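Visitor: My questions all concern the structure below.
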Amino acid sequence: MKTVVAVRHVAFEDLGSFAPVLEEAGYALRYLEAGVDDVSALAAEPPDLLVVLGGPIGAGDEEDYPFLAQERAVLAQRLAQSRPTLGICLGAQLMARALGARVYAATRKEIGWSTLSLTAAGQAGCLAELGPDRTPVLHWHGDTFDLPAGAERLASTEVCPNQAFRYGRHALALQFHPEVTEHGLERWFIGHACEIAATEGITVERLRRDTRRWAPALERCGRRCLQRWLQDLEATC
């Protein structure tokens, strides 16, 4: 059986709607808890697929969170070896950093639901399932990154020109959150209560209202996006 390891930074930011898709595709799923489990062990025993999930810390905060350096090293090795790798939000920022790109504060925080602008490459691939004609996606980040050398931009927003990129045929980095579910986001509203309260124009009431409106479509489209990406991986192996 194929294996997928998901590196999780906070308990409520999990694989969400992606978990059943991976199981249906024949993957045995295992979480590693950042800061608790030894992420560096993945270098010696690489899974068939590695997913690095989001979290409320910065990709460059290695002094306070030394495990980030381990994650970056593992990602650099996998990317150099063309091993299947998916990064979401913080995971995408760590992928960019592992490829030598700069990660830095965006002009403003991007929290809430909005549509993506896809490049031609984005429209031709799995992200077509998340295009502006299909569904808005959830954004929850204050940092962004430069496009790494050798990577191909797939999606943008007004705030962050680099919302998604692919590196070769095996690596996909997504600054936004295609994996969230309406039910699961209730945990985010609790876990991110301080950030919500400190961000102008953002309230739990507004986030919950928009989530009720848009999450069902994202759950469907997000699953199809992952299914297409997994199929593309199989075709290149």
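The values are calculated or read from the model by the stated rules, or taken from the named source; none is laboratory data. Note that the coordinates shown come from a computational prediction; the quantities given were computed from them, not determined experimentally. Heads up, the Cβs are rebuilt from the backbone with ideal geometry, glycines too, and the neighbour counts pull from every protein chain shown.
Visitor: Test Ala25 against the criterion of being surrounded by 13 or more Cβ atoms within 10 Å (Cβ to Cβ), modelled with pLDDT of 95 or more, of a type outside the set (S, T, N, Q) and closer than 29 Å to Glu234 by Cα, and give yes or no.
Guide: Values: surrounded by 13 or more Cβ atoms within 10 Å (Cβ to Cβ): yes; modelled with pLDDT of 95 or more: yes; of a type outside the set (S, T, N, Q): yes; closer than 29 Å to Glu234 by Cα: yes.
Here the answer is yes, as Ala25 does meet what is asked.
Visitor: Looking at this structure, is Ala96 outside any strand (DSSP E or B) and either closer than 26 Å to His192 by Cβ or at pLDDT below 95 (or both)?
Guide: Values: outside any strand (DSSP E or B): yes; either closer than 26 Å to His192 by Cβ or at pLDDT below 95 (or both): yes.
Criteria met by Ala96.
Visitor: Just to be sure I understand, how many residues within the range 137-151 are surrounded by fewer than 20 Cβ atoms within 10 Å (Cβ to Cβ) and not in a strand (DSSP E or B)?
Guide: 4
Visitor: Anything in the range 12-38 that is within 24 Å of Gln70 (Cα to Cα), in contact with a Lys or Arg (Cβ under 8 Å, 6 or more places away or on another chain) and not in a strand (DSSP E or B)? List them, or say none.
Guide: Result: Phe12, Asp14, Ala34.
Visitor: Still on this structure, I have one more. Return yes or no: is Leu138 in contact with a strand residue (DSSP E or B) (Cβ under 6 Å, 6 or more places away or on another chain) and at pLDDT 95 or above? Give the steps one after another, and end with the answer.
Guide: Values: in contact with a strand residue (DSSP E or B) (Cβ under 6 Å, 6 or more places away or on another chain): yes; at pLDDT 95 or above: yes.
Judged against the criteria, Leu138 is a match.
Visitor: Which residue is nearest to Gly58 (Cα to Cα), if the candidates are limited to the range 74-93 and must be not in a helix (DSSP H, G or I) and not polar (S, T, N, Q)? Lay out the reasoning, then the answer.
Guide: Of all residues in the range 74-93, those not in a helix (DSSP H, G or I) come to 81-89.
Now narrow it down to the ones that are not polar (S, T, N, Q): 83-84, 86-89.
Details: Arg83: 24, Pro84: 23, Leu86: 18, Gly87: 14, Ile88: 13, Cys89: 10 Å.
Checked the range 74-93; the qualifying residue nearest to Gly58 (Cα to Cα) is Cys89.
Visitor: Pairs only if they're at least six apart or on different chains, beta carbon under 9 angstrom, first in the range 5-30 and touching a residue at least 12 places away in the same chain (Cβ under 8 Å) and within 18 Å of Pro178 (Cα to Cα), second part of a loop (DSSP other than H, G, I, E, B) and among the polar types (S, T, N, Q); list them, first residue then second.
Guide: Once the first residue is touching a residue at least 12 places away in the same chain (Cβ under 8 Å) and within 18 Å of Pro178 (Cα to Cα) and sits in the range 5-30, its partners that are part of a loop (DSSP other than H, G, I, E, B) and among the polar types (S, T, N, Q) give Gly16/Thr181; Ser17/Thr181.
Visitor: Taking the range 178-224 as the search range and keeping residues that are among the hydroxyl-bearing types (Ser, Thr, Tyr) and touching a helix residue (DSSP H, G or I) at 6+ places or on another chain (Cβ under 6 Å), which one is farthest from Ala92 (Cα to Cα)?
Guide: Of the range 178-224, the ones among the hydroxyl-bearing types (Ser, Thr, Tyr) are 181, 199, 203, 211.
Still in the running and touching a helix residue (DSSP H, G or I) at 6+ places or on another chain (Cβ under 6 Å): 181, 211.
Details: Thr181: 20, Thr211: 23 Å.
Once the filter is applied, the top-ranked residue is Thr211.
Residue-wise test of (1) touching a strand residue (DSSP E or B) at 6+ places or on another chain (Cβ under 7 Å); (2) basic (Lys, Arg); (3) within 26 Å of Ser117 (Cβ to Cβ); (4) surrounded by 14 or more Cβ atoms within 10 Å (Cβ to Cβ).
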residue: His177; (1), (2), (3), (4): yes, no, yes, yes
residue: Thr181; (1), (2), (3), (4): no, no, yes, yes
residue: Trp188; (1), (2), (3), (4): no, no, yes, yes
residue: Ile196; (1), (2), (3), (4): no, no, yes, yes
residue: Glu200; (1), (2), (3), (4): no, no, yes, no
residue: Pro216; (1), (2), (3), (4): no, no, yes, no
residue: Cys221; (1), (2), (3), (4): no, no, yes, yes
residue: Arg224; (1), (2), (3), (4): no, yes, yes, yes
residue: Asp232; (1), (2), (3), (4): no, no, yes, yes
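Let's see how each residue does on (1) touching a residue at least 24 places away in the same chain (Cβ under 8 Å); (2) over 20 Å from Asp38 (Cα atoms); (3) among the aromatic types (Phe, Trp, Tyr); (4) surrounded by fewer than 22 Cβ atoms within 10 Å (Cβ to Cβ):
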| site | (1), (2), (3), (4) |
| --- | --- |
| Ile57 | yes, no, no, yes |
| Gly60 | yes, no, no, yes |
| Ala73 | yes, no, no, yes |
| Ala98 | yes, no, no, no |
| Tyr104 | yes, yes, yes, yes |
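Visitor: Can you tell me which residue among Ala92, Ala69, Ala80 is out of contact with any helix residue (DSSP H, G or I) (no Cβ under 7 Å at 6 or more places or on another chain), under 30 Å from Lys2 (Cα atoms), crowded, with 18+ Cβ neighbours inside 10 Å and not hydroxyl-bearing (Ser, Thr, Tyr)? Step through it out loud before you land on a result.
Guide: Values: Ala69 fails: crowded, with 18+ Cβ neighbours inside 10 Å; Ala80 fails: crowded, with 18+ Cβ neighbours inside 10 Å.
Result: Ala92 is the single residue among Ala92, Ala69, Ala80 that is out of contact with any helix residue (DSSP H, G or I) (no Cβ under 7 Å at 6 or more places or on another chain), under 30 Å from Lys2 (Cα atoms), crowded, with 18+ Cβ neighbours inside 10 Å and not hydroxyl-bearing (Ser, Thr, Tyr).
Visitor: Continuing with this model, one more query. Can you confirm whether the range 42-51 contains a residue that is β-branched (Val, Ile, Thr), in contact (Cβ under 8 Å) with a residue 24 or more places away in the chain and either in a loop (DSSP other than H, G, I, E, B) or exposed (fewer than 14 other Cβ atoms within 10 Å of the Cβ) (or both)?
Guide: So in the range 42-51, the residues β-branched (Val, Ile, Thr) come out as 51.
Of the ones still in play, those that are also in contact (Cβ under 8 Å) with a residue 24 or more places away in the chain are 51.
Of the ones still in play, those that are also either in a loop (DSSP other than H, G, I, E, B) or exposed (fewer than 14 other Cβ atoms within 10 Å of the Cβ) (or both) are none.
Checking the range 42-51: not a single residue is β-branched (Val, Ile, Thr), in contact (Cβ under 8 Å) with a residue 24 or more places away in the chain and either in a loop (DSSP other than H, G, I, E, B) or exposed (fewer than 14 other Cβ atoms within 10 Å of the Cβ) (or both).
Visitor: Right, here's the next one. Please specify each residue of the range 113-172 satisfying the condition of being among the acidic types (Asp, Glu) and either free of Cβ contacts under 8 Å to residues at least 24 places away in the same chain or closer than 27 Å to Pro47 by Cα (or both). Don't jump to the end; show me each part of the working.
Guide: Looking only at the range 113-172, we keep the residues that are among the acidic types (Asp, Glu), and these are 129, 133, 143, 146, 152, 158.
Selection gives Glu129, Asp133, Glu152, Glu158.
Visitor: Return yes or no: is Leu172 hydrophobic (A, V, I, L, M, F, W, C) and buried (at least 21 other Cβ atoms within 10 Å of the Cβ)? Give the derivation first.
Guide: Numbers: hydrophobic (A, V, I, L, M, F, W, C): yes; buried (at least 21 other Cβ atoms within 10 Å of the Cβ): yes.
Spelling it out, Leu172 is indeed hydrophobic (A, V, I, L, M, F, W, C) and buried (at least 21 other Cβ atoms within 10 Å of the Cβ).
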